[in-house]
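The values are calculated or read from the model by the stated rules, or taken from the named source; none is laboratory data. As the structure is a computational prediction, the values presented were derived from the model and not from experiment. Quick reminder, even Gly has a Cβ in these numbers, built from the backbone with ideal geometry, and neighbours come from all protein chains shown. Each accessible area value is taken on the protein alone, full model and side chains, heavy atoms only, with ligands, DNA and RNA left out. Shrake-Rupley method; radii C 1.70, N 1.55, O 1.52, S 1.80 Å.
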Amino acid sequence: MATTTRRSTLRNGIIFLVAIFSLTFFVPMQAKAFQKADTAAGELQFTDIPTAADSIAIRKKADSVAKAKADSVAKAGVTKKSVDSSKEIPKSLWQIFIEGFLGGLTAVILPCIYPLLPLTVSFFTKKAGSRSKGIMHSVIYGLSIIIIYVALGLIITLSFGSDALNALASNGVFNIFFFLLLIVFGISFLGAFEITLPSSLANKLDQNSDKGGLAGIFFMASTLVVVSFSCTGPIIGTLLVDAASKGHRLAPAIGMFGFSFALALPFTIFALFPSLLKSLPKSGGWLNSVKVVLGFLELGFALKFLSNVDLAYHWNLFGREVFLSLWIAIGLLLGLYLLGKLKFSHDSDVPYVTIPRLFLSIVVFAFVIYMVPGLWGAPLKSISAFLPPEGTQDFNLSQAPDAGNASSTAVPFTSSIKERKYAANYASNKIKGLEPWYDYEQALQVSKELHKPILIDFTGFVCVNCRKMESDVWSDKEVFKRIKNDFILLQLFVDDKADLDPKDVFVSTYSGKKITTIGAKWSDMEAKDFNSNSQPNYVIMDGNGNVLVPPQGANYSVSNYIKFLDSGLSAYKAAK
C-alpha cells in the first residue's frame, strides 16, 4: 500500500513537472522560434518574407549630402563599431545546451520512451551477468544515444550551415510549412495518428541489436531513436530550428547534445541504482496526458507562423481578435481536458482530479481569462509581442497613452505633404495616437519643414522584439510624449512584401541584387548606411540625413530609451 502511495505521489509530481518543463522549455523555444526573423540570415536568398538578410537597397543621394552626413557621423562619434551595438547578442552555447537538456527531460516522460526505462535497464542487467558489466553496457548505451543525436546536429549544420537555417527561419514558404508541420504534430500528439519512421528501418536496427559487443548496443540505441521519433520529432525539430538561428555554427550540435544527454541520463542512473525502478510510477494514461498537453501547445503556437505570413503579405485575414479567439478556445479545451471533462478515444478514465492537474488547470484558465479583455483591445503586455498588432483589430476600446501638452520644440503647423507614401500598407500596424511616416525622402522634407529630428524605426511585421518595445517602452507616457511631440517618426518595415513602383526598382550597389519590394529597399538602407541588420534598430537624424547619436536596438529599459531620445533631441538643438 505504501509503495502504491509513493508511486502515485511520484506520478503526480511528474505530471506537475511536465507543466514546468512546458513553460521553461517548450514555450520559450517556440517563442524564440518566432524571433528568428528579427535578425539577418546571411547572404542566401529565398522566396521569402524578406528580413535584413534579403535583398538590400541603397539610398541614392547627392555627393554633397553624403559628405555632410559622413562629417556629422564622425562628429557624433557614430562609428561602425557603435552601430554594430544595435545587433542582438547571440545566445551562448550554454543557454542552447540547457534548452536542449530541458527538452530531453520532457521527452523522457513521453509514452514512447518512459515505458522503455525499466525494460532496457533490466535487459542490460540480466544479459550482462554481473552488475558492473550491466552498468558498463548501460553507459555505452547512453553514450550511443548522445553520439547519434549529436551527429544529427552536425549533419544539419554541415549540410546547410547555420546561416542557411536562419534564412529558412524567416522564409515565407518556411513559415507556412512550419505552421502546417506544427498542426500535423499537434494532431498526432492528440492521438489522431502516429508519426513514425519506416518500420523496415526499425526492424533492421532491431535485428542488428542482437549482435554482441559494442555494435549491438549501438544498434539498440539507434532502435530507440527511431521508434521514439513520434514523440521526440516535434521537440527535436523545434530545437534544431531555434538553435541554428542563434549565430553559432555548433549550436545545432550543442542543442542535440543537451537533448540526448538528458535522454540518456535516466538509463545510466537506473543502471547504477536498479532499486530506484521500484519507485517509478507505472506506465498508464498519465503518459498520454502529457502527450496531449503538448499537442494543445503545438496547435496554439502554430498560429503564430500563419500570422507572420498574413501580415507580411497583407492578406489581412488573421486579425488580432481572430488570433486571440483561437488561443482562448484552445486554452479552454486544454483546461477542460486537464479536469477530465474532455476525453479522447485513447485516454484513460479520470476518476478524480489530482492536485497537479488541478493546479495546472488553474494556470490555464487564468491565462484564458487574462486574454479575454484583449478581444476588446486590452494591450495584454505579457503576450503582446506574439500577437498581431492592435491595428488589425476591428473593435478596439483601448486608449492611446496621453501625450500631454506639446513640448517646446513642437511647431504649430503641418507639413506641405498631404499624402503619406505607403501608408495604406500599414493601416493595421499603426500605433494608436502616433502618425508615422513610411518613406525616407518624405521624412527628410517634413523634418526640414517642422524643424524636428527624425526617429527612424527599422521594424518588421514579424519582429517580436519590435512589438515588445512598442508595448513595454513606447507605451510609457514620457516616451510616447517625446515620440509624438518632439520627433518625426519614420517606420521602415524591412519585411514588407509589397512591390515597388516599377520606376523605383533598381539593382543594389551594396549587394548586387535586384531590389523589387519595399521591405528590401529599407532593409538595404539599414545594412549599407547603418551597418546593421537587426530589428528593431532606432536611428535619430536631422533633415539632411546626418546621424545625431549612436543608434541602438532593443533595450526594454524605459529610462534608457528616454535618455536616448533626449540625447538625440539635444544633439539636434546643438547642431541648429
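Side notes on the structure shown:
- Rounded percent of accessible protein surface that carbon and sulfur make up, the range 302-397, 1.4 Å probe: 72 percent
- Within-11-Å neighbourhood charge of Gly340 [Cβ basis; K, R +1; D, E -1]: +1
- Proximity of backbone amide H atoms, modeled 1.01 Å from N, is registered between Leu548 and Ile540, Met541, Asp542 at under 5 Å, excluding neighbours fewer than 5 places apart on the same chain.
- Segment His314-Ser559, extension gain: residue separation times 0.36 nm, minus the distance between their alpha carbons: 84.7 nm
- The range 490-535: relative contact order as a whole-number percent, Cα under 8 Å and 6+ apart: 39 percent
- In nm, spacing of pseudo-spin labels at Ala366 and Glu435 (7 Å Cα→C-beta vector): 4.4 nm
- Listed values for the range 366-383 are Karplus-derived 3J(HN,Hα) couplings in whole Hz (6.51 cos²θ - 1.76 cosθ + 1.60, θ = phi - 60°), namely 5, 5, 4, 4, 4, 6, 4, x, x, 5, 10, x, 4, x, 6, 4, 5, 10, and x replaces Gly and Pro.
- Net length available on complete extension from Ile269 to Ala151 is 40.1 nm, with 0.36 nm assigned per residue and the Cα-Cα distance removed.
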